[in-house]
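Undergrad: If you scroll down you'll find the structure; I have some questions about it.
A short reminder: the numbers here are calculations on the coordinates, not readings from a lab. Everything quoted here is computed from the prediction, not taken from an experiment. Using ideal geometry, Cβ is built from the backbone for each residue, glycine included, and neighbour counts are taken over all protein chains shown.
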Amino acid sequence: MTAWTRRQIGGLVGGALLGVAAPHIARGQGRPRVIVIGGGIGGATVARYLADLKSIDVTLVEPNSAHVTCFFSNLYLAGLRSLASLTFDLETLAERHGITIIRDSAVAIDAPGKGVELQGGAKLSYDRLVVAPGIAFKFAEIEGYDEAAAKIMPHAWIAGSQSELLRRQLKSMDDGGVFVIAAPPNPFRCPPAPYERASLVAYYFKQFKPKSKILILDAKDRFSGQELFQDAWSRHYPGMIEWLPSQFTGAIKAVDVAARSVVTEGETFRAAVANIIPAQKAGLIGEKAGLTDASGWCPVDPVTFESTLQPGIHVVGDSIIGGDMPKSAFSANSQAKACAFAIAASLTGSPQFPPHLFNSCYTFLAPDDAFTNALTFAPEGGRIKTVKMLISKVGESAEARRRTARHAVGWYSAFTADVFGGGS
Amino acid sequence: MKRERAAAIVSRAKGLAAEIRWLLGTSLSAILLFPGNSAAEDASQGAQIAATCASCHDPAGRGQAIPPIVGLDEQRIVKAMLAFRASESPSLVMHAVALSLTDGELAVMARYLTDRANAGRQP
């Protein structure tokens with residue numbers, strides 16, 4: 001069902017509504033119009049930065065009224081943050097930044113006709129379209145795992161009700177149980193996150209269920225920040241976390257939801273709580289709109305983030321093939337800014353400068369122990385290449401690690417204000 | 001052929017500019033005097049680069065762990081960025097960011113942040 005925001009009901013001046021009534025009239029008159037599909041990190045950032053230029057009319061299409069951040073949701077799983085503290089009302093983007101928000105889902109995109117069809121039946125026209133659908137799961141790759149199974153063995157890889165389910169299960173688990181995390185193959189959303197999850201759940205177990213174990217069944221043979229994690233696991237949680245690479249197990253093949261067991265090539269593991277993180281691909285509208293290639297992700301121009309498959313449509317965030325850029329909230333935010341300035345240049349003639357692309361992630365090992373990385377990127381030969389990569393080192397002082405944990409909390413507050421328009 | 005010749009001239013000019021900058025050294029005054037484009041273009045480029053700052057620094061200056069940058073003057077911003085460029089020890093993130101900006105970009109970014117803060121203080 002479509003739910004119009006107050007701004008639309010009150011004003012009926014949103015370009016999108018004109019577009020519904022008469023797209024041929026709306027387009028080409030007044031300010032150029034950009035439609036953004038998806039109110040996650042990438043979509044919200046593009047919408048906010050374009051709207052702040054004042055010369056472009058921006059409409060954001062998103063079915064949910066609020067966004068729950070995946071980053072920091074491992075702190076929620078460990079009982080260190082509330083879910084409310086990770087939830088951002090999208091209405092701020094409408095009220096403070098003049099973005100028209102339509103609470104609906106896009107079901108079809110007409111690229112040549114520059115139109116978007118919504119589930120509620122409305123048709124919108126655009127001058128430029130930005131698609132930021134995030135990730136979808138390749139459920140078929142794990143036998144027995146689908147949306148229904150995820151209600152018993154949560155993925156908790158899209159934050160919200162899935163995170164709440166996993167938290168409830170961890171809280172009600174008996175001491176001495178085994179918490180199994182099935183970690184996905186590359187590429188996937190937030191490469192260090194399965195291992196941060198193991199660390200923070202271990203922190204929770206250490207206080208409340210000290211006989212419990214965590215078993216990571218990985219689809220890979222190495223992972224992001226491996227040395228830093230393994231060092232921290234031996235310092236904070238000796239004997240509690242076991243990581244089994246794909247070469248030892250043949251990786252996860254199936255789940256038996258009724259028996260709550262996870263099946264690899266050669267073995268079956270019984271889990272008190274199972275967190276199954278499936279292989280991933282671009283969000284579904286990307287596929288439907290012909291924005292994905294054989295990899296399942298969306299190829300884009302590394303300067304403008306315009307699709308290389310569908311002209312006039314830009315894609316940012318986890319759903320793109322980002323070259324060397326990892327799928328992270330910071331990457332999505334950085335890409336979204338470059339994309340917004342490129343769209344503004346193309347629609348209003350504003351000057352365009354070489355994009356600055358960054359990623360920085362804060363990863364918690366314990367509440368007062370975190371590490372960070374910082375990467376810079378530049379477009380080169382049609383793809384995004386790493387220019388500089390810096391990462392915290394094993395053996396840093398406890399004070400340095402505490403400082404990084406404090407920076408992480410400060411960063412979260414500033415970053416979410418930047419994305420969801422809560423700042424000045 | 002014409003295009004190749006033009007490219008060669010541009011390349012030589014860029015090389016010369018780099019050499020002049022090297023001779024001047026990357027001193028503070030050299031950066032602050034960096035010849036830019038028009039004022040409007042500089043402001044636009046400054047805004048685009050400063051957008052990066054907002055991913056970590058609270059624009060309202062409420063930051064505690066990550067220091068606020070609101071209200072810092074141009075010279076102080078450039079000085080701090082040069083220090084971050086020189087060493088990774090105070091902050092990995094700022095070292096990476098400072099390394100990725102040219103002297104010219106640093107100058108227009110600092111000027112933009114200062115101008116915006118001054119404009120904000122006016123009634």
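Undergrad: If we sort A:95-102, A:44-51, A:411-418 on the protection proxy, mean other Cβ atoms within 10 Å, highest first, what's the order?
TA: Details: A:95-102: 21.4, A:44-51: 28.9, A:411-418: 22.9.
So the peptides A:95-102, A:44-51, A:411-418, ranked by packing, come out A:44-51, A:411-418, A:95-102.
Undergrad: When we measure straight from the Cα of A:LYS171, which lysines land under 24 angstrom away, once same-chain ones fewer than 8 places off are left out?
TA: Straight-distance partners of A:LYS171: A:LYS151, A:LYS206, A:LYS209, A:LYS211, A:LYS213.
Undergrad: Take peptides A:325-338, B:102-115 and line them up by average Cβ neighbours within 10 Å, highest first, as a rough protection proxy. Each step should come with its number before you reach the end.
TA: Values: A:325-338: 26.4, B:102-115: 20.9.
Sorting A:325-338, B:102-115 by mean packing, highest first, produces A:325-338, B:102-115.
Undergrad: So what is the relative contact order of segment A:56-197, in percent, for Cα pairs below 8 Å that sit 6 or more residues apart?
TA: Details: 132 pairs, mean separation 31.1, N = 142.
About 22 percent, as a whole number.
Undergrad: Describe numerically, in nm with one decimal, the distance between label points set 7 Å from Cα along Cα→Cβ at A:PHE208 and at A:GLU147.
TA: Placing both labels 7 Å along Cα→Cβ, they lie 3.0 nm apart.
Undergrad: Counting only C-alpha contacts under 8 Å and six or more residues apart, can you give the relative contact order of chain A as a whole percent? Mind dumping the intermediate values first?
TA: Details: 916 pairs, mean separation 72.0, N = 424.
Answer for chain A is 17 percent.
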